[in-house]
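To start, the structure under review is shown below, and the notes come after it.
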Amino acid sequence: MAQVRNKQVLLKNYVIGFPKESDMEIVEGSITLKVPEGSSDVVLLKNLYLSCDPYMRLLMYKDTPVSLGFHYSPGSPLTAFGVSKVVESGDPNYKKDDLVWGVTKWEEYSLVPSAQILFKIDHTDVPLSYYTGILGCPKKGEKVFVSAASGAVGQLVGQFAKLTGCYVVGSAGSQEKVDILKNKLGFDEAFNYKEESNLDAALKRYFPEGIDIYFENVGGKTLDAVLLNMRSHGRIPVCGMISQYNLSQAEGVTNMAYLIYKEIKMQGFIVSQFYPLYPKFLEFILPHIREGKIAYVEDIVEGLESGPAALVGLFSGQNFGKKVLAIAPQ
């Protein structure tokens, strides 16, 4: 019964305001590489890649405003989604060396309920790290605006819309990111929101006829300006509001009445609700990846000790693309 070291990232205290690296700590313990005797519903995992996402900040509040089926507690490892290899399983649905995607912890090895595994990974001809990110449809000719367009989600939303034949504009926080959106990812236009003193005027410049679909990643002032520029019967899928996560009091949005005036549909969603459709999504996306029709940008950092800085950096725009922690080779 081998016992090995198990490095972990723990939450030290609940967080107020912007997170700091010092809100987390790296500890090194040990774990026995054996499923407890008689356990038929747990799996021992070796974590390979961990997803690093802005929503994790919301779980650092004592009274978290979101429910993902898990939360954070001081003194315990952060919980997140990840790609893992099965070391040993008490559940007959999983066997040694299976590659899986599901809810795990920011540590080298995790003993988790098998119910937290969302699916086995069968396609290994694409990088395993892709399963932390890439892996509402717009109509041809519609005008689409994507905020935080250089992030893990935004980069793909814009490309999916382009594949459908839409006109797509993205906003990002630097000229370098703007250039990549236009020259690498195929957006029709992009702009640096930090250089725009009037977001309403900027949107009118890029969307003189209005916006059909706004993919919401930011919230606050951006949402307020977008509402003025939506077309009648426009749609706003709400994926995130990163500008609000660290505020003790969220910014007010003053133009909500335009939801009525323009009969706009605005709806939030959480990706876990769509996992039953995952096989269908793989049928759609894998050929595009293999044929190079989708460009996917990852920002990979090595090791659990890089985790706190990587997570904090999300809120100052230090990443481009999907932030991933590489924990171990297979």
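The values are calculated or read from the model by the stated rules, or taken from the named source; none is laboratory data. Just so you know, these numbers come straight off a predicted model, no measurement behind them. Because the Cβ atoms are built from the backbone with ideal geometry, glycine has one as well, and the counts that use them run over all protein chains shown. Accessible surface is based on the protein model in full, side chains and every heavy atom, while ligands, DNA and RNA are left aside. Shrake-Rupley method; radii C 1.70, N 1.55, O 1.52, S 1.80 Å.
For the subset of region 229-248 comprising residues that are aliphatic (A, V, I, L, M) and buried (at least 16 other Cβ atoms within 10 Å of the Cβ), which member is nearest to VAL312 (Cα to Cα)? Before you say what the answer is, go through the steps one by one.
Step one: of region 229-248, the residues aliphatic (A, V, I, L, M) are 230, 236, 238, 241-242, 247.
Filter once more, keeping what is buried (at least 16 other Cβ atoms within 10 Å of the Cβ): 230, 236, 241-242.
Values: MET230: 33, ILE236: 28, MET241: 16, ILE242: 12 Å.
Only one residue tops the list, namely ILE242.
Of the residues making up region 158-181, those that are open to solvent by 30 Å² or more (accessible area, probe 1.4 Å), within 19 Å of GLU142 (Cβ to Cβ) and not aromatic (Phe, Trp, Tyr) number 4. Within region 56-72, track down each residue that is at pLDDT below 90 and closer than 18 Å to LYS20 by Cβ. LEU58, TYR61, LYS62, listed by residue number.
Taking LYS322, is it charged (D, E, K, R), not in a strand (DSSP E or B) and not assigned by TED's automatic domain parsing to the domain that holds LYS182?
Working: charged (D, E, K, R): yes; not in a strand (DSSP E or B): no; not assigned by TED's automatic domain parsing to the domain that holds LYS182: yes.
Taking the combined requirement at face value, the residue does not satisfy it.
Scanning region 109-153 for residues that are under 21 Å from PHE187 (Cβ atoms) and of a type in the set (D, E, K, R) yields LYS139, LYS140, GLU142, LYS143.
Here is a yes/no grid of residues against (1) part of a loop (DSSP other than H, G, I, E, B); (2) touching a Lys or Arg at 6+ places or on another chain (Cβ under 7 Å):
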residue: SER84; (1), (2): no, yes
residue: TRP101; (1), (2): no, no
residue: VAL112; (1), (2): no, no
residue: LEU118; (1), (2): no, no
residue: THR124; (1), (2): yes, no
residue: PHE145; (1), (2): no, no
residue: ALA148; (1), (2): yes, no
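Has region 169-192 got any residue that is farther than 19 Å from TYR296 by Cα and assigned to a loop (DSSP other than H, G, I, E, B)? Taking every residue of region 169-192 in turn, none turns out to be farther than 19 Å from TYR296 by Cα and assigned to a loop (DSSP other than H, G, I, E, B).
Looking at GLU298, GLU216, can you tell me which residue is surrounded by 16 or more Cβ atoms within 10 Å (Cβ to Cβ), of a type in the set (D, E, K, R), within 20 Å of the chain's Cα centre (by Cα) and not assigned by TED's automatic domain parsing to the domain that holds GLN318? Lay out the reasoning, then the answer.
On the way: GLU298 fails: not assigned by TED's automatic domain parsing to the domain that holds GLN318.
Selected residue: GLU216, the only one of GLU298, GLU216 that is surrounded by 16 or more Cβ atoms within 10 Å (Cβ to Cβ), of a type in the set (D, E, K, R), within 20 Å of the chain's Cα centre (by Cα) and not assigned by TED's automatic domain parsing to the domain that holds GLN318.
Restricting attention to region 196-211, the residues that are open to solvent by 20 Å² or more (accessible area, probe 1.4 Å) and touching a strand residue (DSSP E or B) at 6+ places or on another chain (Cβ under 9 Å) add up to 5. Taken residue by residue, region 256-276 has no member that is more than 30 Å from ALA225 (Cβ to Cβ) and open to solvent by less than 30 Å² (accessible area, probe 1.4 Å).
Residues checked against (1) under 20 Å from SER110 (Cβ atoms); (2) in a helix (DSSP H, G or I); (3) out of contact with any strand residue (DSSP E or B) (no Cβ under 9 Å at 6 or more places or on another chain):
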residue	(1), (2), (3)
LYS280	no, yes, yes
ILE289	no, yes, yes
LYS293	no, no, yes
TYR296	no, no, no
GLY307	yes, yes, no
VAL312	no, yes, no
ALA328	yes, no, no
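Between a residue in region 61-74 that is β-branched (Val, Ile, Thr) and any residue that is at pLDDT 80 or above and surrounded by 13 or more Cβ atoms within 10 Å (Cβ to Cβ), which pairs come within a Cβ distance under 8 Å, given they are 6 or more apart or on different chains? Final answer for the pair search is THR64/LEU58; THR64/HIS71; THR64/TYR72; VAL66/TYR55; VAL66/LEU58; VAL66/LEU59. Does SER84 count as open to solvent by 50 Å² or more (accessible area, probe 1.4 Å) and hydroxyl-bearing (Ser, Thr, Tyr)? So SER84 does not fit the description; no.
Please indicate, with yes or no, whether at least one residue in region 106-119 is among the aliphatic types (A, V, I, L, M), over 24 Å from PRO237 (Cβ atoms) and open to solvent by 20 Å² or more (accessible area, probe 1.4 Å). Outline the logic, then answer.
Going through region 106-119, the residues among the aliphatic types (A, V, I, L, M) turn out to be 111-112, 115, 117-118.
Add one more test, that the residue is over 24 Å from PRO237 (Cβ atoms), and what stays is 111-112, 115, 117.
Checking the rest, the ones that are also open to solvent by 20 Å² or more (accessible area, probe 1.4 Å) come to 111, 115.
Scanning region 106-119, I find at least one residue that is among the aliphatic types (A, V, I, L, M), over 24 Å from PRO237 (Cβ atoms) and open to solvent by 20 Å² or more (accessible area, probe 1.4 Å), so the answer is yes.
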